[in-house]
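Asks: Submitted below is the structure of interest, expressed as structure tokens.
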Ligand SMILES: Nc1ncnc2c1ncn2[C@@H]1O[C@H](COP(=O)(O)OP(=O)(O)O)[C@@H](O)[C@H]1O
Ligand SMILES: [Mg+2]
């Protein structure tokens, strides 16, 4: 896909005909996806509000007209749902855009009530269910011949040694769903190097009773395909390679680059999305094994945290999402710029701290190599998440929040250990 200009699908904001004070309410505003959506939609003329459980960089964006705090969807899911209803009644947005697996779970539980008042930028429930549950995604992938890492599901009381023998070492253990309801924190995939380590993880409070899968660790390139599918047609295709993630095994993309989608991953992604009929934005994640064969990781049926890369490369995913949810006409994205690099500095600092503090192993390079990569990439030109000259306050807020968290972390560690490195 060569350089080219993509037509922005203007939100054609119906502000004049609409009585509400907002056109779109972006939830999970502390995430990068929300900020980028707010900017893209605001710039295109929509009246945007941003909301979250905590103060967020997006609240400072010049494109955000209204912002507000919501209850915690983990501790008080019903209060969160009630607050969403109140928000919708107060501002009358046409569309609600959630971007976090946790808020999406609450919305799913209260969907019909909410949908009587506002369009939700999510695929219909039957489609979402297949993408959110890895067991269903994997079963579909198998039926379509899309390769997966060797996988076994871990049942309570299962034979850990047998499971490890089946997938091989090192292995990766992860929840069947990215978001486990009632958990304070997202359970991240973990590498295990042996049976005792796996047993220890299975005994952790947050992991007990959670449906898990054990997989062969595949250590190659991470490629993700983003698709926008609606009304029987794919309106946009995009691919990124992620060079680093936080946590280091895999999580949120830190340093990534727009690439021409490779045929193998693109074909598999399109088949999966079409088979599910998965409407709206979806991210199909792959990791290659050491021979270069792509293995499906999962499908995320919501905006990627990395979305700014696609937007900067020229595809207006937030505009598509808004227009689709509002039932308006869509424009097909033609091309985008490849070779655009973006870096999330806060994530990279965390990555550096994690890799310097751990013994080398799968996805943990030796300290010298980690430092070298961090420094080399600090010298290479790239875009930075949050940072645009035309809307500087979110970046300032994010830096301040990172610094504060860093100091608090350091302070707590110093108190706990009487000083020194945490
Ligand atoms: N079997 C595996 N081998 C190597 N890396 C993996 C494996 N499973 C997951 N990862 C890494 O961890 C990331 C998170 O795993 P994923 O399946 O996407 O779960 P989730 O995002 O729901 O936590 C992946 O994007 C990938 O980079
Ligand atoms: Mg993932």
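The values are calculated or read from the model by the stated rules, or taken from the named source; none is laboratory data. Given the structure is predicted, the values throughout are model-derived calculations rather than measurements. Here the Cβ positions follow ideal geometry from the backbone for every residue, glycine too, while neighbour counts run over all protein chains shown.
Asks: Can you confirm whether residue 166 is modelled with pLDDT of 95 or more and over 18 Å from residue 361 (Cα atoms)? Reasoning before the result, please.
Replies: On the way: modelled with pLDDT of 95 or more: yes; over 18 Å from residue 361 (Cα atoms): yes.
When the stated conditions are applied, residue 166 passes them.
Asks: Continuing with this model, one more query. What about residue 312, is it surrounded by fewer than 20 Cβ atoms within 10 Å (Cβ to Cβ), more than 16 Å from ligand 1 (Cβ to nearest atom) and closer than 16 Å to residue 36 by Cα? Can you show your working first?
Replies: On the way: surrounded by fewer than 20 Cβ atoms within 10 Å (Cβ to Cβ): yes; more than 16 Å from ligand 1 (Cβ to nearest atom): yes; closer than 16 Å to residue 36 by Cα: yes.
Considered against the rule, which asks whether it is surrounded by fewer than 20 Cβ atoms within 10 Å (Cβ to Cβ), more than 16 Å from ligand 1 (Cβ to nearest atom) and closer than 16 Å to residue 36 by Cα, residue 312 comes out as yes.
Asks: Checking residue 157 against (1) touching a residue at least 24 places away in the same chain (Cβ under 8 Å); (2) outside any helix (DSSP H, G or I); (3) out of contact with any helix residue (DSSP H, G or I) (no Cβ under 6 Å at 6 or more places or on another chain); (4) more than 23 Å from residue 288 (Cα to Cα), which single condition isn't satisfied?
Replies: For residue 157, the exception is condition (1).
Asks: Test residue 310 against the criterion of being in contact with a helix residue (DSSP H, G or I) (Cβ under 7 Å, 6 or more places away or on another chain) and at pLDDT below 95, and give yes or no.
Replies: Details: in contact with a helix residue (DSSP H, G or I) (Cβ under 7 Å, 6 or more places away or on another chain): yes; at pLDDT below 95: no.
Considered against the rule, which asks whether it is in contact with a helix residue (DSSP H, G or I) (Cβ under 7 Å, 6 or more places away or on another chain) and at pLDDT below 95, residue 310 comes out as no.
Asks: So, one more: Which of the residues that make up segment 341-355 are under 19 Å from the mean Cα position of the chain (by Cα) and outside any strand (DSSP E or B)? Spell out the reasoning first.
Replies: Start the filter on segment 341-355 by keeping residues that are under 19 Å from the mean Cα position of the chain (by Cα), which leaves 341-351.
Correct list: 344, 345, 346, 347, 348, 349, 350, 351.
Asks: Return a yes/no flag: does segment 260-282 have any residue that is within 16 Å of ligand 2 (Cβ to nearest atom), closer than 27 Å to residue 383 by Cα and touching a helix residue (DSSP H, G or I) at 6+ places or on another chain (Cβ under 8 Å).
Replies: Yes, because at least one residue in segment 260-282 is within 16 Å of ligand 2 (Cβ to nearest atom), closer than 27 Å to residue 383 by Cα and touching a helix residue (DSSP H, G or I) at 6+ places or on another chain (Cβ under 8 Å).
Asks: Out of the residues in segment 289-310 meeting the condition of being touching a strand residue (DSSP E or B) at 6+ places or on another chain (Cβ under 7 Å) and more than 15 Å from ligand 2 (Cβ to nearest atom), tell me which one is nearest to residue 386 (Cα to Cα).
Replies: Filtering segment 289-310 for residues that are touching a strand residue (DSSP E or B) at 6+ places or on another chain (Cβ under 7 Å) and more than 15 Å from ligand 2 (Cβ to nearest atom), the one nearest to residue 386 (Cα to Cα) comes out as 308.
Asks: Something else: Against the conditions (1) away from ligand 1 (no atom under 16 Å from the Cβ); (2) within 25 Å of residue 289 (Cβ to Cβ), where does residue 200 fall short? Just the number, please.
Replies: (2)
Asks: Pairs under 9 Å by beta carbon, first residue free of Cβ contacts under 8 Å to residues at least 40 places away in the same chain and under 24 Å from residue 279 (Cα atoms) in segment 232-260, partner part of a strand (DSSP E or B) and within 15 Å of ligand 2 (Cβ to nearest atom), six or more apart or different chains?
Replies: Between residues of segment 232-260 that are free of Cβ contacts under 8 Å to residues at least 40 places away in the same chain and under 24 Å from residue 279 (Cα atoms) and residues that are part of a strand (DSSP E or B) and within 15 Å of ligand 2 (Cβ to nearest atom), the close pairs are 239/223; 239/224; 239/225; 239/226; 241/222; 241/223; 241/224; 241/256.
Asks: Name the single residue, out of those in segment 317-338 being part of a loop (DSSP other than H, G, I, E, B) and in contact with a helix residue (DSSP H, G or I) (Cβ under 6 Å, 6 or more places away or on another chain), that is nearest to ligand 2 (Cβ to nearest atom).
Replies: Residues of segment 317-338 that are part of a loop (DSSP other than H, G, I, E, B), as a first pass: 326-338.
From the residues that got through so far, the ones that are in contact with a helix residue (DSSP H, G or I) (Cβ under 6 Å, 6 or more places away or on another chain) too are 330, 336-337.
Working: 330: 26, 336: 22, 337: 25 Å.
Out of the qualifying residues, it is 336.
Asks: State all residues of segment 359-379 that are touching a strand residue (DSSP E or B) at 6+ places or on another chain (Cβ under 7 Å) and either without any contact (Cβ under 8 Å) to a residue 12 or more places away in the chain or within 30 Å of residue 43 (Cβ to Cβ) (or both); if no residue qualifies, say none.
Replies: 377
Asks: Of everything in segment 245-264, what is surrounded by 21 or more Cβ atoms within 10 Å (Cβ to Cβ) and farther than 30 Å from residue 359 by Cβ? Give them in sequence order.
Replies: 258, 261
Asks: Being modelled with pLDDT of 95 or more, part of a strand (DSSP E or B) and away from ligand 1 (no atom under 16 Å from the Cβ): is that true of residue 258 here?
Replies: Numbers: modelled with pLDDT of 95 or more: yes; part of a strand (DSSP E or B): yes; away from ligand 1 (no atom under 16 Å from the Cβ): yes.
The answer is yes for residue 258.
Asks: Moving to a separate point now. Please count how many residues of segment 106-130 are within 13 Å of residue 84 (Cα to Cα), out of contact with any strand residue (DSSP E or B) (no Cβ under 9 Å at 6 or more places or on another chain) and buried (at least 18 other Cβ atoms within 10 Å of the Cβ).
Replies: Looking only at that region, the number is 1.
Asks: Would you tally the residues in segment 155-182 being within 21 Å of residue 73 (Cβ to Cβ) and more than 16 Å from ligand 2 (Cβ to nearest atom)? Spell out how you get there, then give the answer.
Replies: Looking only at segment 155-182, we keep the residues that are within 21 Å of residue 73 (Cβ to Cβ), and these are 175-182.
With more than 16 Å from ligand 2 (Cβ to nearest atom) added as a condition, the list becomes 181-182.
Qualifying residue count, segment 155-182: 2.
Asks: Which members of segment 180-207 meet the condition of being assigned to a loop (DSSP other than H, G, I, E, B), closer than 24 Å to residue 219 by Cα and touching a residue at least 60 places away in the same chain (Cβ under 8 Å)?
Replies: Hits for segment 180-207 are 186, 188, 189, 193.
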